[in-house]
Amino acid sequence: MVRHWTIIFSFLIAFNFTEAEAKNPPPGTGTTDIPANILIMLDNSGSMSARLAGAVQIHYPVDVNVDRFGNIYVLEYWNNRIKKFDSSGNYIKAFGGPGSNCSQWRNARQFDIKDDIIYISDTNNYRFVLLDLDGGCVRTQSVSHLRESPVAMAVGGGWAWASGPSRIASHYSTSMYQNSGGNVYNNEGAGSHFIWGMSWNSGGSRIAYANYSKNQVRIAYRSGHQLVAQNSPYASNRVRNCSANRPTDTAWDSSGNVYYTSVGTHSVYKINPDTCSESKLVGSWSTSSGFRYPYGIEIDSADNSI
């Protein structure tokens with residue numbers, strides 16, 4: 001039995017976000033006329049399996065997630081909005097918008113979905129927004145011990161982890177209150193830039209985060225609400241640091257491999273989290289083919305058996 005999964009990622013093809021430009025697909029995909037600002041679905045070999053959007057325009061997609069029903073959610077940076085598609089890529093609805101009400105946010109770059117709740121790092125409102133799968137308000141919670149505008153978001157192991165420009169902190173996932181010890185991990189994003197994206201493995205025991213400013217994908221273990229490094233007390237020099245060219249997001253497959261998007265090489269890479277060995281899955285810069293500026297990546301939880 002061979003196991004397959006679907007890789008979904010969002011990317012920017014052109015600098016003109018108000019009008020989608022038709023571009024050719026990556027070599028070998030067998031699909032033509034790929035519009036700008038869309039999502040592409042790949043299988044684990046890097047071959048094209050589907051595309052989203054079609055007539056539904058997506059403006060500046062920066063992150064993507066999948067719920068347990070297979071529905072796909074796309075975060076639009078400029079519109080402060082999420083668009084929802086079914087597992088076949090058919091458009092369902094949009095929700096959100098710029099503002100500070102419960103179902104609004106400002107300049108969010110990352111979100112996650114866990115137990116039918118959407119967790120959004122509301123960057124410019126300095127808070128977290130929790131919604132149901134139809135965009136209905138669940139709650140908001142102001143940033144506390146993180147002490148920075150939140151950027152990345154990853155929920156796993158009963159905890160919601162958020163990052164700012166230089167810190168990572170864990171929160172109770174139901175309330176987004178700070179962890180019981182108020183633990184914060186400092187100097188993780190080199191200050192002037194930030195940890196762009198984070199993700200947990202399926203068991204919630206390991207986290208991979210894209211340290212954009214330091215050109216690394218970093219991988220740590222979790223013990224309760226704290227990060228550890230292979231049973232050692234957490235410290236930056238004990239966390240596995242895998243070299244990466246301007247990484248923006250990470251995702252795990254069911255076999256424990258890590259994938260990341262690189263805006264430096266306009267590609268998606270697969271890495272072994274224990275050795276940092278890496279291979280390019282797909283992508284390259286080109287004015288007529290290839291990807292441009294992939295930002296978000298997600299791997300669905302259902303491994304289809306063939």
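Looking only at residues of segment 53-79 that are farther than 20 Å from residue 260 by Cα and crowded, with 21+ Cβ neighbours inside 10 Å, we find that the one that is modelled with the lowest pLDDT is 53.
Results for (1) at positive phi; (2) surrounded by fewer than 18 Cβ atoms within 10 Å (Cβ to Cβ); (3) assigned to a strand (DSSP E or B); (4) at pLDDT 95 or above, shown as yes or no for each residue.
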site	(1), (2), (3), (4)
109	no, no, no, no
121	no, no, yes, yes
129	no, no, yes, yes
134	no, yes, no, yes
145	no, yes, no, no
154	no, no, yes, no
160	no, no, yes, no
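Hey, any hits in segment 168-175 for a residue that's touching a residue at least 24 places away in the same chain (Cβ under 8 Å), surrounded by fewer than 19 Cβ atoms within 10 Å (Cβ to Cβ) and either over 15 Å from the mean Cα position of the chain (by Cα) or outside any strand (DSSP E or B) (or both)? Checked segment 168-175: at least one residue is touching a residue at least 24 places away in the same chain (Cβ under 8 Å), surrounded by fewer than 19 Cβ atoms within 10 Å (Cβ to Cβ) and either over 15 Å from the mean Cα position of the chain (by Cα) or outside any strand (DSSP E or B) (or both).
Only one of the numbered conditions (1) in a strand (DSSP E or B); (2) buried (at least 22 other Cβ atoms within 10 Å of the Cβ); (3) not charged (D, E, K, R) is not met by residue 138, and that is (2). Here the strands (runs of 3 or more DSSP E) wholly within segment 178-293 that include at least 1 residues being at pLDDT below 85 and under 14 Å from residue 154 (Cβ atoms) are 195-200, 216-223, 226-229. A count restricted to segment 83-107 and to residues that are within 16 Å of residue 149 (Cβ to Cβ) and surrounded by 22 or more Cβ atoms within 10 Å (Cβ to Cβ) stands at 1.
Within segment 123-140, the set of residues being polar (S, T, N, Q) and more than 22 Å from residue 196 (Cβ to Cβ) comprises just one member, 140.
The values are calculated or read from the model by the stated rules, or taken from the named source; none is laboratory data. The model shown is predicted, which means the values in this text are computed figures rather than measured ones. Please note: Cβ atoms are built from the backbone with ideal geometry, for glycine as well, and neighbour counts cover all protein chains shown.
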